[in-house]
Structures are given as C-alpha cells and as structure tokens.
Amino acid sequence: MDSAEVDFYIIAQIDDQEKHIKVVQLETTDGVPYYSCLVGDDEITQVRNETYGKWEQLWGDLDDKTIQNIGSQIDEKITPP
C-alpha cells in the first residue's frame, strides 16, 4: 500500500546562511524512511536517521554538523507532540 507523500519545510544553517529547505519523506524498497532536502528546485541532500540515532547523509556533500542540524529540524517536524 502506498502512503501519501509527506512534505514540510524547515529552516537550517548551511554554510553560515539560514536556508528554507523543503523536506520530502520517501521510503526505501524495504519501507525505511529517508528524506530528500531541496532548496528551491535543487536537491541538496538525502538523509536518514539510522537505528543508532545519528543522522547520515545518503547523497550530497554537506558536512556532518549541517546534516545533524537538518536531522534535528526534521525530528522536530515528524515527532508527535
């Protein structure tokens, strides 16, 4: 069963600049969620929260501090109150 596409916006620091990032939740073929992050129409990274609790970059060339910042912002949006 396909789930509806989930997308939302976050604000994160990239290269010392605040960026508005569109986040689209996607799934691997085995149902594990990952997130495509776009600035405008350009995809800047794909990230996934690993089982050991750290956000990892699947695609892109952002530094780890930026990835953890983006991951933290995503967590705030996807974690129920």
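The values are calculated or read from the model by the stated rules, or taken from the named source; none is laboratory data. Remember, predicted model here, so these are calculated numbers, not experimental data. Reconstructed Cβ throughout: ideal geometry from the backbone, glycine too, with neighbour counts over all protein chains shown.
On the given criteria, is Gly71 out of contact with any His (no Cβ under 9 Å at 6 or more places or on another chain) and at pLDDT 95 or above? Lay out the reasoning, then the answer.
Values: out of contact with any His (no Cβ under 9 Å at 6 or more places or on another chain): yes; at pLDDT 95 or above: yes.
Answer is yes for this residue.
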Gly53 versus (1) surrounded by 13 or more Cβ atoms within 10 Å (Cβ to Cβ); (2) farther than 18 Å from Ile14 by Cα: which is the lone unmet condition? (1)
Could you list all residues from region 1-53 that are free of Cβ contacts under 8 Å to residues at least 24 places away in the same chain and aromatic (Phe, Trp, Tyr)? Tyr9, Tyr52
Verdict on Asp16 being modelled with pLDDT under 95, on the phi < 0 side of the Ramachandran plot, loosely packed, with under 14 Cβ neighbours inside 10 Å and not β-branched (Val, Ile, Thr): no
